[in-house]
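For reference, the structure discussed in these notes is given below.
The values are calculated or read from the model by the stated rules, or taken from the named source; none is laboratory data. These numbers were taken from a predicted model, which means no experiment stands behind them. A quick note on method: Cβ atoms are made from the backbone with ideal geometry, for glycine too, and the neighbour counts reach across all protein chains shown. The protein model used for the area step is the full one, side chains on, heavy atoms only, and it has no ligands, DNA or RNA in it. Shrake-Rupley method; radii C 1.70, N 1.55, O 1.52, S 1.80 Å.
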Amino acid sequence: MQSSEISSDSTDDPLGSGLRTHRQPRIVVIGAGLAGITATKILLENGFTDVRILEASNHIGGRIQSVQHGNATLELGATWIHGTNGNPVYHLAEDNGLLEHTTDDERSVGRISLYAKNGVAHYQTNSGKRIPKDLVEEFSDLYNEVYKLTQEFFQNGKPVCAESQNSVGVFTRDLVRKKIMLDPDDSESTKKLKLSMLQQYLKVESCESSSPSMDEVSLSEFGEWTEIPGAHHVIPGGFMKIVDLLAQDIPSRTICLGKPVRCIHWNWSAQQQETVSKGNHANQGSNHNDNNYSCQPQEDPQILGYPVRVECEDEEWIEANHVIVTASLGVLKKSHEAMFSPSLPEDKVLAIEKLGISTTDKIFLEYAEPFWSPECNSIQFVWEDEAQLEQPVYPEKMWYKKICSFDVLYPPERYGYMLSGWICGQEALLMEGCDDETVAETCTELLRCFTGNPNIPKPRHILRSSWGSNPYIRGSYSFTRVGSNGGDFERLAMPLPYAKSTKAPPLQVLFAGEATHRKYYSTTHGALLSGKTEATRLIEMYQDLHSAETTKPNM
C-alpha cells in the first residue's frame, strides 16, 4: 500500500534512542472513523507504541458504512470521493486499485453529484405530470446563476444586505423569485411551476449541506468551503475499503470496540489522582471488555502522573498523556458539558453551539423490474402547492414532503433496479422513527402520485440510514450556520490546554474530524486530513523534545 499521501512529512523516529529511556507517551484516540484511524496509523508509523482507540459502536468506520446487498455495495454514509487533485482519499483509492471498476456513469463532474452523469432528471409534479425538459433547463440556468452569486460574498468580500438575513436560503429564494416574476415571456402557470421548482432545488441543496433548511446556512461564509478540482468518484467495492486500507496495519489489540466514553478528565490535579488511584486499586481486575479488543488495566497513575483520565461507560478509567477526540459535532453539541471535566473553554463551547449539523438520510428501494424509462437518472418531486411558501414547515405526519428526489443507481448490472431517496432535517429524524413497512408504503404512494403511475409496486427490499438517531453520531456532517464562520471550525480544532497555560502539560486534548477542517468540513478528505494534522502535532512536539534532549549541554 502506498501511504505517502497521509503519512507524516518526517520519517524520523520522533522518540529517538534518547527519549526511549523514558516511558512511551500514552495516547488515547476516541472514535474509529476516518480521522481517528488516520491519526492512529500515522502515530504508529512514527514510533509511538502506546496508542489505543476507543470506539463506542461495534465497528470501525464512523460515518462510512458500506452494506453488501447481493452483488452491490450500498453506501449508507459517505458515497463519493469529492475531487481528485491532491485529494488523499482519491490517491489512496487510485493507488490501491479501488477505482478500476468505476464506470463512466460513476464519475460525476456536476456540482450536485448523482449516481449517473448520463440520462435525464425527470421533474415530476404532485399532479403526476412531468415538467418539460426545456423548462427545467431554463430554470436550472437561472438557479445556478444565483448560486454563483452566493459564493461571491465570501470569495470577493461582498457585504451582505440586511434583507438576506445572512441566509443562503432567504437570499436565493428572494432573488430567484424576483427574476421569475419579472420575466415577461412566461405565463402565470409557467411562473408557478418555476417557483415550485425553486422549493425543490432548495430541498436538494439542504441535503447537500446537511442542514435542516438553507435558511440556516450562512450566506457570508458559504463560499469558504473549498471544492477539490476533478470529478466525484464512487468506489464500487464500497467506501469502507478506504477505512480497511488505513486500518490494515493497526494491531487489533489497539482498537477497543463497544467502548463508549463518559467523560474526559483533563488538567488532572494531584488530589484527583489520589482519589482515582485508590479507586483503581479497589477495582483492579474488573475489566468489562469481553472482546478481542479488550483494554488491559494500566499502571498506577499516581506513579506515572498522567494529566488526562478517560472515564468509560463501563466504569473503567484509562490514563493518558494525550487524547485525540474525533467525536462528531452532533455528539459534542449533545454531550460536551458531561463529556469534559473541567468544562471546555467558553470560546470552544460557543463554536460548538454556533456551527450547524443536521441529518441527511438515504432510502434505498429495490425493485424486480424498473418502472422508470431507460434515460431517466432521477425522479425529482416538485410540490405545486409550495410555490408561494417561504421555507416550508411540515406537520410531523407529513415528513415525507421533505423527500426531495430518488436517484437511479447505475449501472444496473451492478445494482439491479435500485432507487436512492434523499431526506434531511427534522423530517429525516421522523422517517428514522418509522418502521420499514411504513417508509416503503409512503415512498410507494409518493412515486405513484408524482409519476402518475398507480401500478408501481411496493419495493421488494428497503434499506435506509439513521444518522440522526444514532447516539454515537447524531447527524450527518457539519455546515456554517447563520452566525458562525470559518473561525469556529478552527476554534473547535484548537488543542487543550491553550498555549497560554504554560504550566500545564501541553496537547492534553486534541480535536479531529470533519467539523475541525475549515475548508473541507463535511467531507471524508477533511476528516482524514484533520487526523493527520493532530497526529503531526504530537509527532512534532516529541521531535522537539528529542532535539532539546540531545542538544542539552553537559554539566
> Quick one: in segment 139-166, which of the residues that are of a type in the set (Asp, Glu) and open to solvent by 90 Å² or more (accessible area, probe 1.4 Å) is farthest from residue 483 (Cα to Cα)?
Replying inline: 141
> Could you say whether any residue in segment 331-341 is over 23 Å from the mean Cα position of the chain (by Cα), among the acidic types (Asp, Glu) and closer than 21 Å to residue 267 by Cβ?
Replying inline: no
> If the Cβ limit is 7 Å and pairs must be 6+ apart or interchain, which residue in segment 70-87 that is more than 9 Å from residue 228 (Cβ to Cβ) pairs with which residue that is among the basic types (Lys, Arg)?
Replying inline: 71/414; 72/414; 76/362; 77/63; 78/63
> Take the residues of segment 387-445 that are over 25 Å from the mean Cα position of the chain (by Cα) and among the aromatic types (Phe, Trp, Tyr): which is nearest to residue 463 (Cα to Cα)?
Replying inline: 417
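Got a number for residues in segment 418-438 being open to solvent by 10 Å² or more (accessible area, probe 1.4 Å) and not in a loop (DSSP other than H, G, I, E, B)?
Number of matching residues: 9.
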> When you go through (1) crowded, with 19+ Cβ neighbours inside 10 Å; (2) at pLDDT 95 or above; (3) under 30 Å from residue 32 (Cα atoms) one by one for residue 443, which number turns out not to apply?
Replying inline: (3)
> Based on what the data block shows, is residue 258 open to solvent by 40 Å² or more (accessible area, probe 1.4 Å) and either in contact (Cβ under 8 Å) with a residue 40 or more places away in the chain or closer than 17 Å to residue 99 by Cβ (or both)?
Replying inline: yes
> Among the candidates 332, 350, 344, 365, which residue alone is out of contact with any Ser or Thr (no Cβ under 6 Å at 6 or more places or on another chain), within 30 Å of residue 120 (Cα to Cα) and aliphatic (A, V, I, L, M)?
Replying inline: 365
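Here is a check on your reading of the model: is residue 86 under 24 Å from the mean Cα position of the chain (by Cα) and either open to solvent by less than 30 Å² (accessible area, probe 1.4 Å) or not aromatic (Phe, Trp, Tyr) (or both)?
yes
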> Could you count how many residues in segment 458-513 are within 30 Å of residue 70 (Cα to Cα) and either in contact with a strand residue (DSSP E or B) (Cβ under 8 Å, 6 or more places away or on another chain) or open to solvent by 60 Å² or more (accessible area, probe 1.4 Å) (or both)?
Replying inline: 18
> Any residue in segment 504-524 that is hydrophobic (A, V, I, L, M, F, W, C), more than 18 Å from residue 264 (Cβ to Cβ) and outside any helix (DSSP H, G or I)?
Replying inline: no
> Conditions: (1) assigned to a helix (DSSP H, G or I); (2) under 30 Å from residue 454 (Cβ atoms); (3) touching a helix residue (DSSP H, G or I) at 6+ places or on another chain (Cβ under 8 Å). Residue 134 meets all but one. Number of the miss?
Replying inline: (3)
> Take the residues of segment 380-411 that are among the β-branched types (Val, Ile, Thr) and not in a loop (DSSP other than H, G, I, E, B): which is modelled with the highest pLDDT?
Replying inline: 382
> Yes or no: residue 170 modelled with pLDDT of 95 or more, open to solvent by less than 40 Å² (accessible area, probe 1.4 Å), outside any loop (DSSP other than H, G, I, E, B) and farther than 17 Å from residue 144 by Cβ?
Replying inline: yes
> From the list 371, 381, which residue is open to solvent by 10 Å² or more (accessible area, probe 1.4 Å), within 20 Å of residue 421 (Cβ to Cβ) and touching a residue at least 40 places away in the same chain (Cβ under 8 Å)?
Replying inline: 371
>> So, in segment 446-457, how many residues would count as being in a helix (DSSP H, G or I), in contact (Cβ under 8 Å) with a residue 40 or more places away in the chain and open to solvent by 50 Å² or more (accessible area, probe 1.4 Å)?
In response: 1
